[in-house]
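Engineer: Quick one: the structure is below, questions incoming.
The values are calculated or read from the model by the stated rules, or taken from the named source; none is laboratory data. None of these values were measured; they are calculated from a predicted model. A quick note on method: Cβ atoms are made from the backbone with ideal geometry, for glycine too, and the neighbour counts reach across all protein chains shown.
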Ligand code: FHN
């Protein structure tokens, strides 16, 4: 398939994977919440530079970007002799970071096996002067140090095998026989991986772009036949995974249903690139871990060792910083369940374990902190780091509504950056208000997953994607509608936020009609500003100001958002985007 990589991130699964397995098979993975991704292969040698030129895009895609012939790229193997490879140190680093599993590239899209393979001599033992199997080292160390071993395997894209997908510069597409590639390479290599290294936690399949449902199902069956408890990642395609994956580096707008994992980079690349120095801060990574955990998503965070096997120092520092935070606050992450609320809070996030709610504050809470919507009775409140000091609290009902309000007196709370955790013990099981609620800072945020999808047609065409964004919103018949509670009446500025993957075109210029409290606002979505925050890094949150709405009294209202005119430019439709309205949220902020 000819494709310009300029506009493509090949990370998505088109349809979220349904939860298919019993809870037990996923239990270790859900408990871990946090894992280490390792992208290591021949691409670490050029490290993003080819024939003296810096090659844009992620490092492991260099062969594709430069259309390097197989015979030329394969010569890199002769230079692969990593003097500093230390599997024990890498597994120790994962443990120190508080990670419970590790996913290592056994074969990436370049087709080079990073383990001893008798299926194909294009592997690290036979083709390099190192003659060594690093996957065997990792398997041994994972066993010894108690980290679950998982394998990344590129089942679809393979630029080395004549029948693998997407190398059309060496091998004309019309001659390709994908079944032969599966028979000759994929299935026998999976047999090796699942029979030579002991129990494998998961095969992390990736980029399901050309394989049919039958082919993906055959791969899944093969894995389960060899190791019935081995999980299969969502990117096996066709909804056949044991859990779902959104696109790389994606942070959902609210809590997700089912099992999810976001994989993410520490800088921008997966495979080592010597010029990529844009490292995310430790604070950014810790708050991302909290955010994802509160939404029911695991966090798989990547390192890309260099050609000598060294993990870049900034990666090590950041993973250790996350570990230091988790040593104090790990109880609020590991083994937790998502927030009982579907929406985010302006002050932080919530995770849960049994009858404990963990409030993760991203800034020091005000002395009289308030939470709207918790129906359960609270038994006690204490900081996780200092469990002996209890904070006093009260539970009341907001005037004019039946919304419960919890007030905590945080006098004496020591706030530590980037996040301080407070454990709120409930007297009984958790119960919360299901509607969108005005927050104590008076803002209101309407997210897709809390909306009802309505239509003037027989059936809506628009869907709410499992990752919390709208899909196929390409008509004027469907709408989103929310019921919500206003506690503090007044006038509000209304902002509609849409999004896109940053390498792809943004689909804007849609005329939307927003109606609530007897008023209708109309605007064309325009890139007026980009909201600051973690989510905007890879999926810019594009804000269009829609005007103002007033709510005269406290109570329950409804709000509807519908398209009146669509801009369905062809260029906005890509492999991963339907080109329609990519709705993220509506924000109401007090106007005065
Ligand atoms: O194409 C790959 C990419 O190289 C990298 O392995 C990421 C990790 O999620 N997966 C694909 C892109 O989504």
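Engineer: Mind checking which pairs have a first residue in region 137-159 that is in a loop (DSSP other than H, G, I, E, B) and a second that is surrounded by fewer than 21 Cβ atoms within 10 Å (Cβ to Cβ), Cβ under 6 Å, 6 or more apart or different chains?
Structural biologist: That search, which allows pairs on different chains as well, returns 156/207; 156/209; 156/210.
Engineer: Return the only residue of 150, 142 being more than 16 Å from the ligand (Cβ to nearest atom) and within 30 Å of residue 331 (Cβ to Cβ).
Structural biologist: Result: 142 is the single residue among 150, 142 that is more than 16 Å from the ligand (Cβ to nearest atom) and within 30 Å of residue 331 (Cβ to Cβ).
Engineer: Taking residue 21 and the conditions (1) modelled with pLDDT under 95; (2) surrounded by fewer than 20 Cβ atoms within 10 Å (Cβ to Cβ); (3) under 20 Å from residue 207 (Cβ atoms); (4) in contact with a strand residue (DSSP E or B) (Cβ under 9 Å, 6 or more places away or on another chain), which numbered condition does it fall short on, given that it satisfies the others?
Structural biologist: (3)
Engineer: Right, another one. Consider region 514-541. How many of its residues are closer than 19 Å to residue 264 by Cβ and exposed (fewer than 14 other Cβ atoms within 10 Å of the Cβ)?
Structural biologist: Matching residues across region 514-541 total 2.
Here's the yes/no breakdown for (1) in a helix (DSSP H, G or I); (2) more than 16 Å from the ligand (Cβ to nearest atom); (3) farther than 25 Å from residue 32 by Cα:
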site: 211; (1), (2), (3): no, no, yes
site: 218; (1), (2), (3): yes, yes, yes
site: 228; (1), (2), (3): no, yes, no
site: 238; (1), (2), (3): no, yes, yes
site: 242; (1), (2), (3): no, yes, no
site: 247; (1), (2), (3): no, no, no
site: 258; (1), (2), (3): no, yes, no
site: 273; (1), (2), (3): no, no, yes
site: 276; (1), (2), (3): no, no, yes
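Engineer: I've got another one for you. Out of region 281-317, which residues are in contact with a strand residue (DSSP E or B) (Cβ under 9 Å, 6 or more places away or on another chain), farther than 24 Å from residue 63 by Cβ and more than 16 Å from the ligand (Cβ to nearest atom)?
Structural biologist: 285, 287, 289, 290, 291, 293, 294, 295, 296, 316
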